[in-house]
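**Q** Quick one: the structure is below, and I'll ask about it shortly.
The values are calculated or read from the model by the stated rules, or taken from the named source; none is laboratory data. Keep in mind the model is a prediction, meaning the values are calculated, not measured. Cβ coordinates were reconstructed from backbone atoms using ideal geometry, including for glycine residues, and neighbour counts include every protein chain displayed. Ligands, DNA and RNA are stripped out before the accessible areas are found, and what is left, the full protein with its side chains, is counted by its heavy atoms. Shrake-Rupley method; radii C 1.70, N 1.55, O 1.52, S 1.80 Å.
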Amino acid sequence: MNNIIGGINGPIVTINGPTDLEMMEMVFVGNARLVGEVIRIDNNSTVIQVYEETSGLKPGEPIFPSGSPISVTLGPGILSNIFDGIENPLTDIAKASGSFIPRGLHPDSLDPKAEWDVTIKVKVGDFISGGDIYAVTPEKAIEHRIMVPPEMSGEVIEVMPDGKYTVNDKIIVIRDGNGESHELTLCHKWPIRIPRPVSKRLPLSKPLVTGQRVIDTLFPIAKGGAAAIPGGFGTGKTMTQHQLAKWCDADIIIYVGCGERGNEMTQALTEFGEITDPKSGKPLTDRTVLIANTSNMPVAAREASIYTGITIAEYYRDMGYHAAMMADSTSRWAEALREISGRLEEMPADEGFPAYLPSRLSEFYERAGYVESLNKNEGSISVIGAVSPQGADFSEPVTQNTKRFTRCFWALDKSLAYARHYPAINWNDSYSEYVGDLAPWYATNVGEDFMTCRGEIASLLAEETNLMEIVKLIGSDVLPDDQKLTIEIARVIRVGFLQQNAFHADDTFVSPEKQLKMMQVILYLYHRCSEIIATQVPISQIIALKLFDKLVQIKYDVPNNRLDMFDGYYTAIDEALASITVQEA
């Protein structure tokens, strides 16, 4: 059949008449061989979504089938690399053509000349199936485990000796049940839109420790969970994700810049390279993959970048690692869906987004999870997606539909950001449904009263919010002293606990153990002051002791390796408050 271009509408290319192409097949469009994907077929036409700039294409140019769907190459060499939305290595492209990406240039995703020190884990006669590990090789900060492709199984009939190999060299040969032989190398391909299979899903019972107090204490996310960070322009979505990428206790970080500004990706590249990984002592980039599809790149590739990132995350999850994927921002991804849907003349839904927006979001977030892989290793993918609602309107479709499919919602507040309160997560609008699932872990690994302290901190913040409504109307002078105490201690919680300084060595990352001790000291002061106020001591005398200001500075005054210093605060509180009671007596 004649597969030739009949019409061009931006990234949408149409073939008139019947073709032999298949749905979701990858094709090469035009003489420049631009990468595309078949997204609609009927009796009279075939529609292709092109992932590169289509200017200069003309009707009549040929379209070449590939016989396979859009896939990524999975193997050693992914870590510390930076790819575009369809896994083209941007570093290699920059070397070949400079800072701007030319059309039709598709270098190998993984360096075909790099040699890897491979140790074989199977022998002739072994029967192996999908997911089984047949070789390992060191890759940056981890051990890269080479797995049998999920759909393949058979008897090992040939094994190469341990040694140095490239990603395309033969490592073993297996014979399947039909008697056919298959050579396995260090890499294989997997379609980005199809989730990699697992043995079973496991309960979400362990937190993804981020070192950010407002998250770990008030709104924790589980390993294998999904969280949304919605916020208007300038509220700190990208910086919050950078902090999580730097400090969370995941083994692998996948950072997808989807439609964001190029300077933000440059900042991520620069910062990640300068940070020393606390786990290995090596640069953080050694366990990071960056996928950059900036706002000036083709819009269709933006839609694919999310799937490329989650597929790479699934690959490392199947090895038995815990991966964290940062998607910044899913709103730009949804805008790409809207633009392509408009060019396809589909019926629009809310605010012009396609009617299938909710199902696409659910497909993406559902690929998060804590699982037992096919090789019986446990691994997880935690997905943290930023949402950029226009005008900070959380009622818009992307934010509302994202809330349906995530159990953790970190709402960023413009007024907090303008007040330089970071992370600007609003404690009244945010929530986490993982708290109950994670309570046993916190009780066992941090302290039995962690959840009790957390509950009391949250109650004090909620009470302060209610009291501030009264203060706005009639002023604070009319409040009784016990309510004035609530406002004072809530200020300590907000400024001394929830607010965090990313540029301070002891405050940029705080362990859950230190978070608990901070809460205990703050609540101890609250309870002691409550007792004294109950004896009719005016709160003005307590405020004059400067104890509240002293506790605000705990985050800076107590180093992370000197938690024993917290004991001195209890003594200081008791001595200061005792001086009041003595004077009153």
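**Q** Kirkwood Rh over Cα pairs of the range 356-420 into Stokes-Einstein at 10 °C, 1.306 mPa s: D in µm²/s?
**A** The Stokes-Einstein estimate is 114 µm²/s.
**Q** Specify the angular offset, from 0 to 90 degrees and rounded to the nearest 10, of the alpha carbon long axis of helix 450-474 from the longest principal axis of the alpha carbons in the chain.
**A** 70
**Q** Above 19 Å lies some portion of the pair distances; for the range 337-455, what is it as a whole percent of all C-alpha pairs?
**A** In whole percent, the long-distance tail amounts to 64.
**Q** Among the listed pairs 123/279; 113/279; 472/550, give every one whose C-alpha distance is greater than 31 Å.
**A** Where the Cα-Cα span goes over 31 Å, the pairs concerned are 123/279.
**Q** Now, a different point. If you roll a 1.4 Å probe over the chain with all protein chains in place, what percent of the accessible area is carbon or sulfur?
**A** 51
**Q** Next up: Limiting things to C-alpha atoms, what are the Rg and the maximum Cα-Cα separation (Dmax) for the range 1-143, in angstroms?
**A** Spelled out, the Cα radius of gyration and Dmax of the range 1-143 are 19.3, 55 Å.
**Q** Also, quick follow-up: Percent of Cα-Cα pairs more than 20 Å apart in the range 391-508, please.
**A** Summing the P(r) of the range 391-508 above 20 Å gives 58 percent of all pairs.
**Q** With Rg and the Kirkwood Rh both taken from Cα atoms, where does Rg over Rh land for the chain? Each step should come with its number before you reach the end.
**A** Numbers: Rg = 27.7 Å, Rh = 26.4 Å.
Rg divided by Rh gives 1.05.
**Q** For the range 40-86, what class follows from the C-alpha gyration tensor (a ≥ b ≥ c being the square roots of its eigenvalues): rounded when a/c is under 1.5, otherwise prolate if a/b is larger than b/c, else oblate?
**A** Verdict is prolate for the range 40-86.
**Q** Summing -39500 (n - 2.57) over the DSSP H runs of n ≥ 4 in the chain and dividing by its residue number, what mean residue ellipticity at 222 nm do you reach, to the nearest 500 deg cm²/dmol? Kindly include the intermediate steps, with their values, before the conclusion.
**A** Details: 16 runs with 192 residues, N = 585.
The helix-only estimate for the chain comes to -10000 deg cm²/dmol at 222 nm.
**Q** Might you report the magnitude of the Cβ-based charge dipole of the range 15-86 about its Cα centre, with Lys and Arg at +1 and Asp and Glu at -1, to the nearest 20 debye?
**A** 80
**Q** What do you get for the angle between helix 481-491 and the principal long axis of the chain? Use alpha-carbon atoms, 0 to 90 degrees, nearest ten.
**A** 30
**Q** Per 10 Å bin, what percent of the C-alpha pairs of the range 200-433 does each bin hold, from zero upward?
**A** Histogram of Cα-Cα distances, whole percents per bin: 8, 34, 39, 17, 2, 0.
**Q** Can you tell me the 0 to 90 degree angle between the C-alpha axis of helix 566-584 and the longest principal axis of the chain, rounded to 10?
**A** Taking the Cα atoms of the chain, the angle to 566-584 is about 30 degrees.
**Q** Rounded to the nearest 10 Å², what accessible area does residue 478 have for a 1.4 Å probe in the complete protein model?
**A** Probe radius 1.4 Å; accessible area of residue 478 about 90 Å².
**Q** I've got another one for you. Where Rh is the Kirkwood radius over the Cα pairs of the range 450-584, the temperature 25 °C and the viscosity 0.890 mPa s, what D in µm²/s does Stokes-Einstein return?
**A** Translational D for this selection: 157 µm²/s.
**Q** Taking N as the number of residues in the range 115-187, what value does Rg over Cα atoms divided by 2.2 N^0.38 Å take?
**A** Relative to the 2.2 N^0.38 Å estimate, the range 115-187 comes out at 1.04.
**Q** Which value, in nm² and rounded to one decimal, describes the direction-averaged projected area of the C-alpha convex hull of the range 7-69?
**A** On the way: hull surface 14.4 nm².
It is 3.6 nm².
**Q** Describe numerically, in nm with one decimal, the distance between label points set 7 Å from Cα along Cα→Cβ at residue 428 and at residue 160.
**A** Going by the 7 Å Cα→Cβ label model, 6.3 nm.
**Q** Can you pick out the pairs among 58/189; 140/189; 164/189; 170/200; 140/246; 164/376 whose Cα atoms lie more than 24 Å from each other? Could the numbers behind the result be given before it?
**A** Values: 58/189 31 Å; 140/189 21 Å; 164/189 21 Å; 170/200 31 Å; 140/246 17 Å; 164/376 28 Å.
Flagged as over cut-off: 58/189; 170/200; 164/376.
**Q** When only DSSP loop residues count, what chymotrypsin sites (Phe, Trp or Tyr not before Pro) in the range 432-508 have their Cβ near at most 14 other Cβ atoms within 10 Å?
**A** Passing sites in the range 432-508 are 503.
**Q** On full extension of the chain, what length is gained from residue 249 through residue 570, given 0.36 nm per residue of separation minus the C-alpha to C-alpha distance?
**A** Between residue 249 and residue 570, full extension yields 112.4 nm more.
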